[in-house]
Amino acid sequence: SKDPILNDIMRDLWRHSVGCAIGSHWLASYSGLQGIKHESFFAGLLHDVGKLHILKIADTLKKNNGTGIQISNTLLIEAMDSLHAKCGSALMHHWNLPEKYCEIARDHHKDEFDSKNLLMALVRIVDKACHKLGIGLSKDPSVVLYATSESDVLRLSEVDLANLEIFLEDSNLFEG
């Protein structure tokens, strides 16, 4: 985007998407889930594609907006947070991507998830790890990864999750 604010948000979103992709791939391999490590990369990369779609719409509105109406950053972030899952899933369906990826885009923030869906669990736990570390649009250091249902489903120990955090920290995805 030529808009510096949108460009900064897109850059942070890209960092988050790449962090989720490489983190999901790494965790699948680390956890012995070799059969889904490549799928987990793709699922992690695209889980928030709805946010990018919303940003592109906002960018187009800003470019074509002759009325002087401005979209506030607060409204934009709120729209991304509340609409990205449904929007991303619809976009991925439009692209004819496999249902497993559409489902991850749609359901990765839901309170409950199918504990047999290990791909979903991988993306969800890495998404939370990225948020905990501030890789992306937000930072919440209070997240306790070991206390999540995803860590139970994937049978991850506190050491395993600390290794995930170290891997993500060493990935150079932070501001710099």
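The values are calculated or read from the model by the stated rules, or taken from the named source; none is laboratory data. These numbers come from a predicted model, not from an experiment. Neighbour counts run over all protein chains shown; Cβ positions are idealised from the backbone, glycine included. These accessible areas exclude ligands, DNA and RNA; they are computed on the full protein's heavy atoms, side chains included. Shrake-Rupley method; radii C 1.70, N 1.55, O 1.52, S 1.80 Å.
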Separation between Cα centres of region 33-52 and region 120-176, rounded to whole Å: 15
Loop-exposed GluC sites (Glu not before Pro) per DSSP, neighbour cap 15 Cβ within 10 angstrom, longest uninterrupted part of the chain: 1-111
Taking Cα atoms only, Rg over Rh for region 87-176 with Rh from the Kirkwood formula is 1.00
How far apart, in nm, are two points set 7 Å out from the Cα along the Cα-to-Cβ line at ASP114 and at TRP95? 2.1
May I ask you to order 139-149, 4-14, 26-36 by the average number of other C-beta atoms within 10 Å around their residues, highest value first? 26-36, 4-14, 139-149
Between SER157 and ASP8, what is the FRET efficiency for a Förster distance of 35 Å, r being their Cβ-Cβ separation, to the nearest 0.05? 0.45
Cα extents of region 22-117 per principal axis, largest first, Å, are 55, 26, 22
Carbon/sulfur fraction of accessible area - region 11-143, other protein chains in place, 1.4 Å, %: 58
With a Förster radius of 41 Å, plug the Cβ-Cβ distance of LEU75 and SER29 into 1/(1 + (r/R0)^6) and report the FRET value to the nearest 0.05. 0.55
Given all pairs of different Cα atoms, what value in angstroms does the Kirkwood hydrodynamic radius of the chain take? 16.6
